[in-house]
Amino acid sequence: EAGTETQGNKAFRKVLTVHDLIPFLAPDAVSRTLRAYMHLQMPRALEAADRIICVSLWTAQCLEILYPAAKNKISVIMNGKPELLSHRPAPAEKTTIFTLSRGESYKRLQLIPAIFKALSGRYEWHVLTDGKGLDTLKGVAGLHLHTSLSDAALDDLWQKTEIFVHPSLWEGYCLPAATALSRGIPAIFTGGSGIDEVVGGAG
């Protein structure tokens with residue numbers, strides 16, 4: 001329901017947060033159901049919103065291109081970054097690389113086998129992903145695949161990590177990259193989306 005609702009003497013404003021626009025940028029990367037839902041609901045949600053919060057300038061720019069009428073409602077408030085932690089991996093025989101990503105096609109986990117093959121044997125690569133990601137990467141010799149790790153196991157993996165690699169084509173913000181930087185871990189990533197604003201010169 002568009003506009004302002006009033007309950008007693010209190011006026012309520014509708015605020016819409018937009019994290020990314022992947023169903024519009026890469027329609028084949030999402031299910032047909034999600035694609036149809038987003039195309040139907042996004043215009044309605046934008047019209048009903050009093051303010052629209054985007055988590056990166058990139059997301060805001062994409063939204064303005066797709067829906068110019070929403071421009072005057074948009075503000076950018078970036079996601080918070082995790083607490084800064086000290087990071088000193090214990091000396092190890094191999095350098096540990098870590099990727100944390102779901103298995104959607106635009107995340108481009110399919111690039112990992114070729115990259116890994118081109119590296120020397122002194123690198124150990126761990127990937128935390130979902131079922132789709134596991135299907136994409138299963139059978140790659142030497143690659144360590146994880147899913148559904150406990151908080152303690154994930155923290156242990158971060159502690160060992162020396163390089164964070166994120167091959168995704170687009171990110172509205174990228175919390176895994178923010179986590180890497182909070183731990184003093186440099187990030188290797190594909191530029192051109194919201195992740196640029198997160199990583200800055202630390203990648």
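Some notes on this structure:
- Residue list for the range 139-160, restricted to those being in a loop (DSSP other than H, G, I, E, B) and of a type in the set (A, V, I, L, M): Val140, Ala141, Leu143, Leu149
- Residues located in the range 156-181, provided they are open to solvent by less than 60 Å² (accessible area, probe 1.4 Å), over 19 Å from Met78 (Cα atoms) and out of contact with any helix residue (DSSP H, G or I) (no Cβ under 6 Å at 6 or more places or on another chain): Leu157, Trp158, Thr161, Ile163, Val165
- Top-ranked residue of the range 1-20 - restricted to ones that are hydrophobic (A, V, I, L, M, F, W, C) and at pLDDT 85 or above, ranked as surrounded by the most Cβ atoms within 10 Å (Cβ to Cβ): Val18
- Of the helices (runs of 4 or more DSSP H) that lie entirely inside the range 20-90, those containing 3 or more residues that are charged (D, E, K, R) and over 19 Å from Tyr173 (Cα atoms) span 32-48.
- Residue match in the range 122-138 (condition: part of a strand (DSSP E or B) and aliphatic (A, V, I, L, M)): yes
- Residue selected from the range 106-128 under the condition of a type in the set (Val, Ile, Thr) and open to solvent by less than 60 Å² (accessible area, probe 1.4 Å), by the criterion farthest from Ser193 (Cα to Cα): Val127
- You will find that of Gly131, Gly200, Gly139, Gly184, the residue that is at pLDDT 95 or above and open to solvent by 10 Å² or more (accessible area, probe 1.4 Å) is Gly131 and no other.
- Within the range 22-69, the set of residues being in contact with a strand residue (DSSP E or B) (Cβ under 8 Å, 6 or more places away or on another chain) and basic (Lys, Arg) comprises Arg51 only.
The values are calculated or read from the model by the stated rules, or taken from the named source; none is laboratory data. Here the structure is a predicted model, which is why all the values come from computation and not from measurement. Virtual Cβ from ideal backbone geometry, glycine too; neighbours counted across all protein chains shown. Quick note on the areas: whole protein, heavy atoms, side chains included, nothing else; ligands and nucleic acids left out. Shrake-Rupley method; radii C 1.70, N 1.55, O 1.52, S 1.80 Å.
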